[in-house]
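The next block holds one structure in the form of structure tokens; read it before the comments.
The values are calculated or read from the model by the stated rules, or taken from the named source; none is laboratory data. Note that the structure is predicted; figures quoted are calculated from it, not measured. So basically every Cβ, Gly included, is an ideal-geometry build from the backbone, and we count neighbours across all protein chains shown. These accessible areas exclude ligands, DNA and RNA; they are computed on the full protein's heavy atoms, side chains included. Shrake-Rupley method; radii C 1.70, N 1.55, O 1.52, S 1.80 Å.
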Amino acid sequence: MSEKIMLNNGWQFTGEYSDELLSADCSLKLCDVRLPHNAAETPYHYFDDSIYQMICGYRRILHIPAEWEGKRVFITFMAVAHSATVYLNGTELASHGSGYTAFEVELTDVLKPGEDNILVVKANSREDQNIPPFGHVIDYMTYGGIYREVYIKVCDDLRMSEVYVDPAAPEEEDINGEIKDFRFNSTVGLDISLDERNGSVLSESGLNSLKLRVLVGEHKSGRVVTDTSFDFSELSSIELSGARLWDPVSPFLYDIYIELIKADEVIDSFECSFGFRRSVFKEDGYYLNGRKFRLRGLNRHQSYAYNGYAMPSSMQKLDAEILKLELGCNAVRTSHYPQSQHFIDRCDELGLLVFTEIPGWQHIGDEAWKEQACINVEEMIKQYKNHCSVILWGVRINESVDDDGFYTKTNEIAHSLDDTRPTGGVRYIEKSSLLEDVYTFNDFSHEGNNPGCKPKNAVTSDPSKPYLISEYCGHMFPTKSFDCEEHRLEHALRHANVLEAVNTNKDIAGSFGWCMFDYNTHKDFGSGDRICYHGVMDMFRNPKLAAYVYASQQNRTPVLEVSSSMDIGEHPGGNRGNIYIFTNADSVRMYKNDVLLKEYTSADSSYSHLRHAPILVDDYVGSALKEAEEFTDRQAAIVKKALNHIARYGMNNLPLDIKLKLGEAMTVYHMSFEQAYALYGKYVGNWGDAATTFRFEAIKDGEIVKTVTKTTSSTLTLDVRCDHTELREADTYDVAAVRVRVCDEYGNVQPFFNAPLKAELSGPVELAGPPYIQIAGGMGGCYVRTTGKTGAASVKISLPAEYSYLSECSRTLLFEISGS
């Protein structure tokens, strides 16, 4: 029987590789590390990429049991950035030339059972290598190290080297009713490749001695759907009755477990999850399980503050959860490379559709470089094609020029390995040479005052082919969490404008905004501090205002956000300008000092093609003029319109219609300047009086589901949110993401608070980064990492010492760390 052993602990590391690592008498000074590991911990900002560009070395002693004599032993590295050479007992065994895909090395011939074996990995993270994505500038840091997990597999002479599960979904016309209730009879095709060391069994007569046992069960429930055995030579497909569809609204998964049997003994096994879905890109859009489905997603880098690419499964899965459950996305593009299997696993479980692509950014290299890119296509598809969430293969270097010879080959490789999914190729070129099945285009045409996107016919070279927008916004309007209100609002509205435009164009399959969160970048990009502030979230996954554009499109969690603090001093001339409500509620009631001004609904929005669109606040007066001032209906209406305009834009340069209304108030209703000024002070200015309190109530099904209060702040509080506090030492360390917001007493983020917070730790945890909490724009965070021990732990987070007088100046998180 085969055995899989995780190999993430017990490694040693040096930032400068030397062949002395190969020696049993190695005297180099090495530090102990665990995997995943980043070759260099990086600062939050203001650092150069040279900090991680190195040829480093990893070393581990493998004590191989004597009973492994006669067995085959393989080691799999899920990712090493960016080229790797593997040695065992001083012998070079293999090299790998991609930092974003897994690779396997057989150790059998050099292994010494019953003895200590020296395993060494030379990892090259320099950016001068002739492999993708290198060769020119890159708009993201690429980091280094063995940043994903490693495992060993021990098996007999014969094994299953590749297994592809091909579930047959029903035809579109056969799918009817509610997706979650639909049932059908189907088959699951199996494509199994065998690998044998001596070749004796793989002869035709030998195959007849092999059997397969296949169990299919409902994902994680344990309920077995089918359990069947048959001769390997009769391998075809498994029948499944009463099967259910996988879909974003009900992502039903199955687990399959396959045993390879020889002479009544199980010699190898394989397991994975799969789902049934009918996924088709057409001329007029994308169709999923028989109905048109608009893709609404964001681009995701796999990086983290301080830790580069190196994070365990808990953090990879969390990003998928944030995309689906917090941001309301139904899709994600893994820009610009294949990402962690843990991330894609969670996309499978959540029903988050995935567009994944080969590594690269604009540059196309020489023939050797292209050959590696073709290898990357093959590795990507073989390693990810069992994931039902993956709907599109990206086989073109992101934003590269046309190269028909090169891209003919990448498309041929993709189609030969997987004829069930289409190919795409992200480009910035209009009317580009289209060799892929889907024209995927980065549309950065929107500048805030023009259409949100270009029409399909203006971009595509073949309008009969499907069309998808793969990036928008991003560098067109970088936005920091500590920018002024007007800037943060404009950022949000630009995202809303593009989504509105995409939904208006019926022949666009969907869009992926740039991007999910801020990220570190090279000197040629970003804001001078080595950060690209392109995200709808900050680097710690705290939401900026633009995040609420996406979050409000889902109905799972109530959303209510108001774009302003209502502090007039934040705005030029003391004029509030436009203020928007972002919500998924049925309506929002706005109160001023407990007096209802207006109840807003989606009908009040200027957007018509978003499920829940931004709503402009246009009433600061309500019905008070008629009720308190005893104005006539006409008089109240004209004065109210004038006051509401002045409340937003001030009294300078009044438009003609407002001047006419003020003139009417003075001539027809004999209102004096003193009376008008008094009304302004009473309903708009409010200087010197008690602080004005605005309250917004989100109403869903007649109930208040969320409240936002905006008034003068008198204190600071800490809003500390941790994704999980029960940590587990299992295959490797665990990490908890702590997101911190400095708020007023009503829970509103204070966007101009930019001081670090103190962190005090006790117990078997450490911070994966500096010993403090970075705060920028009132938001920040940290990562709490286990240290190999179990027990209770705590992290106390405190405001700076000058705020110690506040009653709630700190928060303490309690953790419990268990073992495997």
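Structural remarks
- Per residue solvent-accessible surface (Å²) - segment 265-340, probe of 1.4 Å: 23 Å²
- Element breakdown for segment 4-74 at a 1.4 angstrom probe: carbon and sulfur atoms account for 49% of the accessible area.
- Kirkwood hydrodynamic radius over Cα pairs of segment 700-820, then Stokes diffusion coefficient at 25 °C and 0.890 mPa s, in µm²/s: 158 µm²/s
- Ranked packing of 505-511, 139-145, most packed first, by mean Cβ within 10 Å: 139-145, 505-511
- Sorting 458-464, 639-645 by their mean Cβ neighbour count within 10 Å, with the most densely packed peptide first, gives 639-645, 458-464.
- Relative contact order for the chain, counting Cα pairs under 8 Å that sit 6 or more residues apart, in percent: 9 percent
- In this structure, the pairs whose alpha-carbon distance is over 26 Å, taken from Lys317/Lys789; Lys4/Lys262; Lys626/Lys700; Lys180/Lys700; Lys112/Lys317, are Lys626/Lys700; Lys112/Lys317.
- Charge context of Cys484, other residues only, Cβ under 12 angstrom, K/R +1, D/E -1: -4
- Per residue, segment 675-730 exposes 54 Å² of solvent-accessible protein surface, assessed with a 1.4 angstrom probe and all protein chains in place.
- Difference of contour (0.36 nm per residue) and Cα-Cα distance, Glu41 to Asp25: 2.9 nm
- Carbon/sulfur fraction of accessible area - segment 475-554, other protein chains in place, 1.4 Å, %: 55 percent
- Between Lys292 and Asn185, the simple spin-label model (points 7 angstrom out along Cα→Cβ) gives 3.4 nm.
- Applying both filters, DSSP loop and at most 12 other Cβ atoms within 10 Å, to the trypsin sites (Lys or Arg not before Pro) of segment 513-596 gives Lys523, Arg556.
- A 1.4 Å probe run over the protein chains yields, for segment 471-581, 27 Å² of accessible area per residue, whole-number rounding.
- Taking the 1.4 Å solvent-accessible surface of segment 667-820 as the whole, the part contributed by carbon and sulfur is 50%.
- Structure-derived P(r) over Cα pairs in 10 Å bins from 0, in percent: which label, when the choices are (1) 2, 11, 18, 20, 17, 13, 9, 6, 2, 1, 0; (2) 2, 12, 20, 23, 19, 12, 6, 3, 1, 1, 0; (3) 2, 9, 13, 14, 16, 15, 11, 8, 6, 4, 1, 0, 0: (2)
- Computed label-point distance, nm, for sites Ser236 and Leu207 using a 7 Å Cα→Cβ extension: 1.5 nm
- R0 of 22 Å, Cβ-Cβ distance Glu808-Ser714: FRET efficiency to nearest 0.05: 0.95
- Segment 337-416 and segment 611-685 have Cα centres spaced 58 Å apart.
- Rough spin-label spacing in nm, given labels placed 7 Å along Cα→Cβ, for Glu664 and Arg721: 4.6 nm
- In this calculation the C-beta distance from Glu430 to Thr408 is compared with R0 = 25 Å, giving a FRET efficiency of 0.75.
- Loop-located GluC sites (Glu not before Pro) in segment 102-186 (DSSP state not H, G, I, E or B) with no more than 15 neighbouring Cβ atoms inside 10 Å: Glu115, Glu171, Glu178.
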